[in-house]
Number of protein chains: 4
Amino acid sequence: MIIIMKSGIGDVEIDDICRRVTEMGYAPHIIRGEFKTIVAAVGEERGRPDLRLLEAVETVESVMPVQQPFKLASREVRQEPSEVRVNGVIIGGKPIVVMAGPCSVESEAQVLEVADRVKESGARILRGGAFKPRTSPYAFQVELVAEYSDILQIGARNIQNFTLLRRVGEMGKPVLLKRGMATSIQEFLLSAEYILAAGNPSVILCERGIRTFETTTRFTLDLNAVPVLKKLSHLPVFVDPSHGTGHWDLVAPMAKGAVACGADGLIIEVHPKPEEALSDGPQSLKPAKFAQLMRELRPVAEAVGRSL
Amino acid sequence: MIIIMKSGIGDVEIDDICRRVTEMGYAPHIIRGEFKTIVAAVGEERGRPDLRLLEAVETVESVMPVQQPFKLASREVRQEPSEVRVNGVIIGGKPIVVMAGPCSVESEAQVLEVADRVKESGARILRGGAFKPRTSPYAFQVELVAEYSDILQIGARNIQNFTLLRRVGEMGKPVLLKRGMATSIQEFLLSAEYILAAGNPSVILCERGIRTFETTTRFTLDLNAVPVLKKLSHLPVFVDPSHGTGHWDLVAPMAKGAVACGADGLIIEVHPKPEEALSDGPQSLKPAKFAQLMRELRPVAEAVGRSL
Amino acid sequence: MIIIMKSGIGDVEIDDICRRVTEMGYAPHIIRGEFKTIVAAVGEERGRPDLRLLEAVETVESVMPVQQPFKLASREVRQEPSEVRVNGVIIGGKPIVVMAGPCSVESEAQVLEVADRVKESGARILRGGAFKPRTSPYAFQVELVAEYSDILQIGARNIQNFTLLRRVGEMGKPVLLKRGMATSIQEFLLSAEYILAAGNPSVILCERGIRTFETTTRFTLDLNAVPVLKKLSHLPVFVDPSHGTGHWDLVAPMAKGAVACGADGLIIEVHPKPEEALSDGPQSLKPAKFAQLMRELRPVAEAVGRSL
Amino acid sequence: MIIIMKSGIGDVEIDDICRRVTEMGYAPHIIRGEFKTIVAAVGEERGRPDLRLLEAVETVESVMPVQQPFKLASREVRQEPSEVRVNGVIIGGKPIVVMAGPCSVESEAQVLEVADRVKESGARILRGGAFKPRTSPYAFQVELVAEYSDILQIGARNIQNFTLLRRVGEMGKPVLLKRGMATSIQEFLLSAEYILAAGNPSVILCERGIRTFETTTRFTLDLNAVPVLKKLSHLPVFVDPSHGTGHWDLVAPMAKGAVACGADGLIIEVHPKPEEALSDGPQSLKPAKFAQLMRELRPVAEAVGRSL
């Protein structure tokens, strides 16, 4: 951490900060600039007090991190990409993995019908929302869901529910972690870090749109997040163009864009009758359009050295 | 709702939309413009299917709401401001009500000390975070908290946890509902509507900062929300300048601004030793600074016809 | 336009609004809903007063447009895509067109060297900033630039300089119109409309990043804008991944994503020594990296039915 | 500046960076952390190459500024607040200064009528837009405007037109510098720095709303900017609640909020017939409402130790 002192601060105050830094377990290094003095605090931050608390001291202007706040999720700890296995499907390898299905499970018949259709088109994993915030007073019925599904999804609204992240980290199941609509990429990776730190290495990151001033799309699907996440982290990265754009006719182009810029997989909403769906109808593809998208995606995947 | 047809759409397709509108329980009115035809769907929306599903129909360009999606929370249903009573304190009347205390409860001694000091300075309600997302895998231990506190707080992260909103609506306790950092004002009032609709009229709205591109403040405390909420709704409106700005030295000016633009109350973090706080130290006031703020707030409250 | 009356407004006030609407040259249609009355104002808006002024009337809650504010730029007026010709190069056809070169022209030698290298790699148009806001007190030395270049660029900062747009519209040269960092897609197309309305059909739209809360990228390159613009407008759409991301190592993946989601062309900064560039060095590619990107782009273009 | 090296970088590369830092005229200091090495570059940045260019070097992860990029505008250079004199009116002193008038000058009669009315109510300076981007192909007819007005206004769209800033800085007139809708506070002060550096000390900063996801207001008037600017800079700070909110009925509460949180002045649009205004009618106050606002503002000003 770099502690920037207010200008005009004298030696006594700088010594006081150095003393506090030392007490907190770090080694202070003073650098005197033309106008400002900074104190670099060197040392492993894990298990030591948070140096940003020094911002509450009146002589300190600000405290700036030099390192990313995540470690296990970073490329620095692990250079090669991680693979996550889900029931025999490998995520993060050469093949692009597509998860498809309805946003909300409405009936067994509906799910089975969609499952058949999307599997036929090449989807490898069935998606189907069950316990969403809207159906449970608890954010996530963790154990129950874990028993009946192959992947646990942490929705955008729980991205900073750190106890849930830790709990999910203690379970063996792969976790799909969706970026919140106001979550920065740094916060996103910090949330992944909680799961990894609890012992679960099977984390899949998923970009699903951020909130901006633009209103022609429901959210602004941030494809920049794909190469940024691949640069900073070894974890596989998915994209959800259905939630991210909110319009079925934008799903296909953004799905292709996602694959071309490096995504490892896609989550796509498919519903047999979108105009009667219980939720998110306007962003769902009909099975026939999904089949067409899968045909069009294959050459894009191959163009960037992947398969589908 | 106004259903805007794509341009070049013929009578057969317009009739089809009118038929769907009628089947959904609304009366359709066709208006043919120079370039576009629109279908106005008239009728109470409560208890009928959501007309926005028609956006999934290919002949429809978009569906635009004419009415706000909330009703019980609106000024149209209740012209005079609501008052919420908390243990004898009236919120939403002439006096500005200040809640103060530490962000996280660290010990009984800490809370009691702060309680004494802020009460002495004029705070009417003690705040102290107990079950935050970071301390429980469930978003909110609702019953337990309800038993031991006078106000239930729905934090920014649960603002769209609709089942929690309904559950809290079924309990008798006053609810402090905090706007999420990416929650629009319309969504905010829709969340309040869930609580009101479940039978609980005691809802306090609280602005606490939204996420924008600006980084000198932790969030952008949106004081515009105060007059906008007062215009659209009869519910009392609070402001949290501590979380909203993230810096203790911005708390006093923004607290004054909040009162001047019409807030009914404030939530302010106070901690005896901010530089050692378990959370949010840099935004906490020391008790002496809080006392000074309270003295400075009084004339501002009086200048806008309130008291403190 | 749809004029939404405040609730509780009586017939006298509604009649007053209808009278004003008629005086402004439109035909009013009254629709009485369960709670609200709306007045639909039908008629061509071009050349008539702006109905949004009625928002200044106290009985009016709001005025909502039903039609997009642009017409010549829209798909409704012209279904097939427009092509823009620049010195024999066709923009908007099957081939993806790449413009490349330095951000600022530093010397003749520098430009000639880069020109040779990027042409060799397949770029069809040379870019080189000359009169930027930073070099002239006038936003754009229009005539001078027009005499010496094949395309006029309206930078992000002049996107709403309507007189400049009109002036450029009166000149014969093709115009590259860059979206501002806080420009909505609707405003963007409205700016294009000014140029088209002045008689110049040769407008190329260019997405170059919007400002959001995310800080790992300089801007958030909004690739969603590509399919949205293609859906709403017939004009060709370019993407500038250099300015949009601000980091040279994100240029290649985002360029591929842009082509895959439907862009007609790319603008890419190339500089022989980025670490010595007068401006925007960190986002410039060296000629060798640009050559590699061009090789990798070709299969992506072909995968979506284009060529390079 | 702090240059953060990529992890795993060896001594040769660190030496190379130190050599470049030295060549650029700074003194390098190496600090080796647990995981990362940083190089602090010490020295006056004015007149030396921009160290951020080193981000183009592959061994560098990022370059972080320690100092604000502005100096003359900062509190560090001048502790006491600056005063700007306009025709005998002192801006930045104890009295709050209100500028009022129409957004666009429509006729001499209109301006004179409004001038009389707002002067009577206590406004000290008349505002009236003349050469806006919409009326001139050049961003600002600088000399002409300078001859006929007492204050030069740099509108939000020219906030980063650095040559215009410098030109205006060379003229003697006071400058009202309006924050752009996507301008960060740091960029805002950097723009002020250009004017100050050119020799003109009479700069007034004006907050006028930033673009966010919220749509109930036209922009999000960012009152946090007031105490932040007062903390970082000695320049006077104005607020424009008319443009900032876009709704006449939000002007009064936000004007009071602005004064309470420390603004030195206000800019308010007043128009005798807002529903017929050539521009921005919905956000203009009628003269009677303006008079009422001025009466209500006085006690707020006094409550925070100011006068009106």
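The values are calculated or read from the model by the stated rules, or taken from the named source; none is laboratory data. Keep in mind the model is a prediction, meaning the values are calculated, not measured. No Cβ is skipped: glycine too gets one built from the backbone with ideal geometry, and neighbour counts run over all protein chains shown. Just the protein is used for accessible areas: all its heavy atoms, side chains included, with ligands, DNA and RNA removed. Shrake-Rupley method; radii C 1.70, N 1.55, O 1.52, S 1.80 Å.
Here are some notes:
- Counting protein heavy atoms only, chain A has 50 percent of its accessible area on carbon and sulfur, 1.4 angstrom probe.
- A cut-off of 5 Å between modelled amide H atoms, ignoring neighbours fewer than 5 places along the same chain, links D:GLU61 with D:ILE4, D:MET5, D:LYS6.
- Three-way shape call for the stretch A:20-59 based on the alpha-carbon gyration tensor, with the a/c threshold at 1.5: oblate
- Equivalent ellipsoid of the stretch D:1-137: semi-axes from √(5λ) of the C-alpha gyration tensor, largest first, are 54, 19, 12 Å.
- Here the contact order of the stretch A:182-294, divided by its residue count and restricted to Cα pairs under 8 Å and six or more residues apart, works out to 20 percent.
- Per-residue [θ]222 nm for chain B (sum of -39500 (n - 2.57) over DSSP H runs n ≥ 4, rounded to 500): -9500 deg cm²/dmol
- For B:ILE3, the accessible area of its heavy atoms, probed at 1.4 Å with every protein chain present, is near 0 square angstrom.
- With label points set 7 Å from Cα along Cα→Cβ, the inter-copy distances at A:ALA288 are 5.3, 6.3, 7.7 nm, sorted shortest first.
- Mean separation of Cα contacts under 8 Å, 6 or more apart, over the residue count of chain C: relative contact order %: 17
- Largest to smallest in accessible area, the residues C:LYS119, D:LYS178, D:LYS94, C:LYS230 fall in the order C:LYS119, D:LYS94, C:LYS230, D:LYS178 (1.4 Å probe, all protein chains included).
- Here B:ALA27 yields copy-to-copy label distances, from shortest upward, of 2.2, 8.2, 8.4 nm, the label point defined as 7 Å from Cα along Cα to C-beta.
- Between the stretch D:175-228 and the stretch B:1-31, the alpha-carbon centres lie 47 Å apart.
- Inter-copy spacing of D:MET64 label points, which lie 7 Å from Cα along Cα→Cβ, given in nm from shortest upward: 0.6, 4.7, 4.7
- Sequence-separation-based contact order of the stretch B:147-214, relative, with Cα cut under 8 Å and 6+ spacing, percent: 36
- Interface residues of the stretch A:1-38, defined as a loss of at least 50 Å² in heavy-atom accessible area between the chain alone and the complex of all protein chains with a 1.4 Å probe, are A:ILE31, A:GLU34, A:PHE35, A:LYS36.
- Cα gyration tensor shape for the protein assembly as shown, rounded if a/c is under 1.5, else prolate or oblate: rounded
- For chain D, the solvent-accessible area of protein heavy atoms averages 37 Å² per residue (probe radius 1.4 Å; ligands and nucleic acids excluded).
- The protein assembly as shown, dipole about Cα centre (Lys/Arg Cβ +1, Asp/Glu Cβ -1), debye to the nearest 20: 0
- Residue list for the stretch B:1-20, given a label point 7 angstrom along the Cα-to-Cβ vector of A:GLU276 and an amide N cut-off under 12 Å: none
- Largest first, the three principal axis extents of the alpha carbons in the stretch A:191-290 are 43, 27, 24 Å in whole numbers.
- Rounded to whole Å, the principal axis extents of the Cα atoms in chain C read 73, 40, 37, largest first.
- Net charge dipole size for the stretch D:206-266 [Lys, Arg +1 and Asp, Glu -1 on Cβ; Debye, nearest 20]: 100
- For the stretch D:272-297, residues shielded by at least 30 square angstrom of accessible area compared with the chain on its own, probe 1.4 Å: D:GLU275, D:PRO282
- Each label was represented as a point 7 Å from its Cα along the Cα-to-Cβ direction; for D:ARG85 and B:VAL77 these points are 6.0 nm apart.
- Accessible area buried, both sides summed, chains B and A with 1.4 Å probe, Å²: 3200
- Ranking B:LEU308, B:PHE219, B:ILE30 by how far each Cα lies toward the positive end of the dipole of chain B (charges on Cβ) leaves B:LEU308 at the top.
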